[in-house]
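Accompanying notes for the structure given below.
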Amino acid sequence: MTDTALVVGGTRFIGRHAVGELLAHDYEVAIFNRGNHENPFDDDRVTRVEGDRKDETALRAAKLSVEPDVVIDCVAYQPADVEAATEIFSDVDGYVYISSGSSYAAEEIPKREGETPLEPCTAEQATDDSHETYGNRKAEGDRAVFAAAEEGVSAMAVRPCIVYGPHDYTERLDYWIDRVLNYDRVVVPGDGQNLWHRAYVEDVASALRIVAERGEPGAAYNVGDRRALTLRETLEAIADAAGVDPEIVPASEDALAAGGLEPDDFTLYREYPHLLDTCALADLGWESTPVDEAMERTVSEHRDSDRDGSEWDPGREAEERVIGVKETL
């Protein structure tokens with residue numbers, strides 16, 4: 001018998017790759033969404049059910065029509081979403097909630113499941129939709145998974161760090177790829193050694209499937225590249241994948257100030273290291289794509305896309321002023 005998966009979301013980024021991963025492992029897949037984004041799948045094994053995940057009646061109808069063995073929940077952004085889903089899908093073989101490394105409240109290296117404390121979440125935060133409460137809401141969703149598992153639901157959580165790869169609509173890494181491809185000199189904040197753990201999207205997709213199949217109910221699993229790169233190493237990996245050799249220009253806070261810039265003006269900069277322990281996921285048989293391979297695929301798809309990360313651009317003229325100051329020192 002062919003297993004069936006229901007992916008809540010499934011057309012943009014992580015969900016899109018999750019569908020591909022499931023298809024590659026012989027699942028029939030249904031995607032449940034509002035249809036706000038183009039369906040990228042031309043495959044008889046993929047069906048689409050239209051509906052709003054906030055509409056419990058529509059979600060129940062999807063469950064009855066699809067009869068999924070596993071559910072991958074890509075768009076649960078408030079705790080109530082997880083509470084409803086774990087009740088509706090209480091009898092599936094595996095329900096996997098996409099949480100986040102932002103769930104962690106303590107700055108520890110590395111952050112470990114079951115050890116590093118999670119963010120608190122007030123009633124007001126639970127119903128918010130702002131960036132400031134994202135980690136609080138994701139942490140409360142984790143707690144909803146744990147509570148459901150206590151009631152016998154096969155519910156698990158996967159916590160990715162910053163996700164990158166083909167079709168990344170956030171364009172955070174696209175900014176740096178665009179800089180490396182188009183400029184001879186690329187400014188990086190500080191000494192370039194800051195570390196913000198990232199996860200290749202295809203590895204996140206495989207983690208979702210593996211956890212659905214083999215995960216322990218009530219458990220959360222971190223996912224991130226097994227080799228974490230500093231920001232400077234990230235730019236070097238991009239350059240190697242692209243076959244270019246720009247000069248990487250590290251800039252202190254004083255040097256950045258010459259251009260009216262601060263380190264936080266640069267995407268993927270984080271002063272304190274963020275690193276997730278991925279051993280629990282590896283114990284399930286999950287493996288990480290080598291970073292050079294992941295970056296080659298990411299850069300190749302970037303070149304074919306129209307993404308340039310300009311949303312994150314601190315301003316090239318400001319960077320040129322910083323480079324000028326560096327040259328005079």
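The values are calculated or read from the model by the stated rules, or taken from the named source; none is laboratory data. What you see is a predicted model, and the numbers here were worked out from it, not measured in a lab. Don't worry about glycine lacking a Cβ; one is built from the backbone with ideal geometry, like all the others, and counts go over all protein chains shown. When the accessible area is computed, the model is the full protein with side chains, heavy atoms only, and any ligands, DNA or RNA have been set aside. Shrake-Rupley method; radii C 1.70, N 1.55, O 1.52, S 1.80 Å.
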Q. Can ASP308 be described as out of contact with any strand residue (DSSP E or B) (no Cβ under 7 Å at 6 or more places or on another chain) and either modelled with pLDDT under 95 or surrounded by 15 or more Cβ atoms within 10 Å (Cβ to Cβ) (or both)?
A. yes
Q: Report the residue count in region 311-329 for those that are open to solvent by less than 60 Å² (accessible area, probe 1.4 Å) and either over 13 Å from LEU256 (Cβ atoms) or within 20 Å of the chain's Cα centre (by Cα) (or both).
A: 1
Q: Considering (1) part of a loop (DSSP other than H, G, I, E, B); (2) open to solvent by less than 10 Å² (accessible area, probe 1.4 Å), say which one VAL187 fails and leave the rest.
A: (1)
Q: State which residue is nearest to TYR164 (Cα to Cα) when the search covers only region 1-48 and only residues that are among the small types (Gly, Ala, Ser), open to solvent by less than 30 Å² (accessible area, probe 1.4 Å) and modelled with pLDDT under 95.
A: GLY10
**Q.** Single residue of region 82-103 satisfying the filter (within 29 Å of GLU271 (Cβ to Cβ) and surrounded by fewer than 23 Cβ atoms within 10 Å (Cβ to Cβ)) that is farthest from the chain's Cα centre (by Cα)
**A.** SER102
Q) Do you know which residues across region 253-283 are farther than 22 Å from ILE109 by Cα and surrounded by fewer than 16 Cβ atoms within 10 Å (Cβ to Cβ)? A) GLU253, ASP254, ALA257, GLY260, GLU262
Q.
Let me spell it out: the conditions are (1) out of contact with any His (no Cβ under 9 Å at 6 or more places or on another chain); (2) in contact (Cβ under 8 Å) with a residue 40 or more places away in the chain; (3) part of a helix (DSSP H, G or I); (4) charged (D, E, K, R), and ARG209 meets all of them except one. Which number is the exception?
A. (1)
Q) How about region 63-177: which strands (runs of 3 or more DSSP E) wholly inside it have at least 3 residues that are of a type in the set (Gly, Ala, Ser) and in contact with a Cys (Cβ under 7 Å, 6 or more places away or on another chain)? A) none
Q.
I'd like to check something: does region 224-237 contain any residue that is surrounded by 15 or more Cβ atoms within 10 Å (Cβ to Cβ), over 20 Å from the mean Cα position of the chain (by Cα), closer than 29 Å to GLU21 by Cβ and not basic (Lys, Arg)?
A. yes
Q: Please list, ordered by first then second residue, the pairs with beta carbon atoms under 7 Å, 6 or more apart or interchain, first in region 250-276 and within 14 Å of ILE323 (Cβ to Cβ), second modelled with pLDDT under 95 and outside any loop (DSSP other than H, G, I, E, B).
A: ALA251/LYS326; ALA255/VAL325; ALA255/LYS326; ALA258/VAL325
(Q) Can you go through TYR183, TYR221, TYR200 and tell me which one is within 17 Å of the chain's Cα centre (by Cα) and farther than 26 Å from GLU140 by Cβ? (A) TYR200
(Q) Which pairs turn up if I take residues in region 169-190 that are without any contact (Cβ under 8 Å) to a residue 60 or more places away in the chain and look for partners that are open to solvent by less than 10 Å² (accessible area, probe 1.4 Å) and part of a helix (DSSP H, G or I) with beta carbon separation below 7 Å, at least 6 apart in sequence or on another chain? (A) none
**Q.** Entirely in region 237-329, the helices (runs of 4 or more DSSP H) that have 1 or more residues that are within 30 Å of GLU216 (Cα to Cα) and in contact with a Gly (Cβ under 9 Å, 6 or more places away or on another chain)
**A.** 279-282, 291-304
